[in-house]
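Read the structure below first, then the notes.
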Amino acid sequence: MPSLVRYLLTRVLRGAATVLGVVTLVFLLLHLIPGDPVQAMLGDQASPEDRVALRRTLHLDRPLPEQYALFCGELLSGSLGQSFRDQTRSVASLIVEVVPGTLQLALAALTVALCLALPLGALAAVRRGSFWDGLASSVALLGLAIPNIWLGPLLILLFGVWLRILPMPGDSAGFLSLILPALTLGAALSAVLTRQTRASLLDVLSEPYIRAARARGISELRLIVRHALRNALLPVLTVVGAQLGALLSGAVVAEKIFERPGIGSLFLEAFFERDIPVVQGCTLVIALFYVLVNLGVDLLYGVIDPRVRLE
């Protein structure tokens, strides 16, 4: 079997096992935490007969292994079960409605992070020990120190209330309504990528072939952009893959602050209303996205650097 095919199969099997493990763990935790979905749906005034009937309808009266088997069957069918809150809607249909908004926000945040991190990280590495290095390091540290739940309202206050140049949360203004959420999510990611770009580029700049290229008279700009930065981006690619999946979990906060529909908002609403199938479905999608992104990064690494396939 070719090494690339074996590498692909190994990563796919690991990813499938990861998704199954996450879904199983979430299923067990949701059934162990305090709270009764039936009581959350019917309230305290419902009669015992109504409670028993609803519990039977939702299959909550069955043993836990049987509930898990039913969940796996619904997972294989693609419907992911029916929402407890709206028995006429499947979980899959609810998720399909909101996933595009979350993906749009995640990609916008990634774009913001890359546009900030690559120039800052490269500048800090090329001007090591200078004012620009200290400035880039300070910006990165600030991005890591400020939590999204504080940065979001601050940006709303600055650009929405005081300057009034960007729309407020809940306003439908197309591209403009995406700027503040993307900045909120992209700030922390840009900090991580700035530090990684700087460290990786410093390692590459110390390589013998860089010194040889300088000795041949290659211009500094061409040397940095076409030779050093290109090779330095391999470790950065790994961080991007890991953090892109993390953007989905971070989107929970941003979507709530900026009143954007998305999988994060859907997850929070379902969690507080004890809508177990929707929580399981959202968790499955987020876990699957994590696995697919990291699988893509692993495969790209295997293509770029054949030595990775031998690990």
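For the reader, a short list of remarks on this structure follows.
- Residues of region 183-242 classified as within 30 Å of F159 (Cβ to Cβ), touching a Leu at 6+ places or on another chain (Cβ under 9 Å) and not hydrophobic (A, V, I, L, M, F, W, C), total: 7
- A single entry from D44, D61, D36 fulfils the requirement of being under 31 Å from the mean Cα position of the chain (by Cα) and acidic (D, E): D36.
- Enumeration of residues in region 70-90 that are of a type in the set (G, A, S) and either open to solvent by 60 Å² or more (accessible area, probe 1.4 Å) or closer than 14 Å to D275 by Cβ (or both): S77, G81, S83, S90
- Residue in region 1-21 that is exposed (fewer than 13 other Cβ atoms within 10 Å of the Cβ) and not in a helix (DSSP H, G or I) present: yes
- When V38 is tested against (1) open to solvent by less than 60 Å² (accessible area, probe 1.4 Å); (2) touching a residue at least 24 places away in the same chain (Cβ under 8 Å); (3) touching a helix residue (DSSP H, G or I) at 6+ places or on another chain (Cβ under 6 Å); (4) not charged (D, E, K, R), exactly one condition is not met: (2).
- Some residue of region 159-167 being under 21 Å from G121 (Cβ atoms) and assigned to a helix (DSSP H, G or I): no
- Beta carbons closer than 7 Å, at least 6 apart along the sequence or on distinct chains, pair a first residue in region 101-121 that is in contact (Cβ under 8 Å) with a residue 24 or more places away in the chain with a second that is not in a helix (DSSP H, G or I) for G101/R260; G101/P261; G101/G262; T102/G262; L105/R260; L105/G262.
- Here D305 fulfils each of the conditions (1) open to solvent by less than 60 Å² (accessible area, probe 1.4 Å); (2) among the charged types (D, E, K, R); (3) at pLDDT 80 or above apart from (3).
- Scanning region 168-187 for residues that are under 30 Å from A125 (Cα atoms) and open to solvent by 70 Å² or more (accessible area, probe 1.4 Å) yields a total of 0.
- A140, sole failed condition from (1) assigned to a helix (DSSP H, G or I); (2) more than 20 Å from the chain's Cα centre (by Cα): (2)
- Of the helices (runs of 4 or more DSSP H) lying entirely inside region 188-297, those carrying at least 3 residues that are of a type in the set (A, V, I, L, M, F, W, C), open to solvent by less than 50 Å² (accessible area, probe 1.4 Å) and more than 29 Å from L176 (Cα to Cα) are 208-215, 229-257.
- Complete set of residues in region 55-72 that are on the phi > 0 side of the Ramachandran plot and among the aliphatic types (A, V, I, L, M): none
- Number of the exception - I218 against (1) free of Cβ contacts under 8 Å to residues at least 12 places away in the same chain; (2) within 20 Å of L114 (Cβ to Cβ); (3) hydrophobic (A, V, I, L, M, F, W, C): (2)
Residues are listed down the side, and each one gets a yes or a no for (1) open to solvent by less than 60 Å² (accessible area, probe 1.4 Å); (2) under 30 Å from I210 (Cα atoms); (3) in contact with a strand residue (DSSP E or B) (Cβ under 6 Å, 6 or more places away or on another chain):
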{"residue": "I95", "(1), (2), (3)": "yes, no, no"}
{"residue": "L105", "(1), (2), (3)": "yes, no, no"}
{"residue": "V112", "(1), (2), (3)": "yes, yes, no"}
{"residue": "L123", "(1), (2), (3)": "no, yes, no"}
{"residue": "R128", "(1), (2), (3)": "no, yes, no"}
{"residue": "D133", "(1), (2), (3)": "yes, yes, no"}
{"residue": "A140", "(1), (2), (3)": "yes, yes, no"}
{"residue": "P147", "(1), (2), (3)": "no, no, no"}
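The values are calculated or read from the model by the stated rules, or taken from the named source; none is laboratory data. In this text the structure is predicted, and so the values were computed from the model without any measurement. For neighbour counting, all protein chains shown are included, and Cβ atoms are generated from backbone atoms with ideal geometry for every residue, glycine included. Note: areas computed on protein heavy atoms with side chains; ligands, DNA, RNA excluded. Shrake-Rupley method; radii C 1.70, N 1.55, O 1.52, S 1.80 Å.
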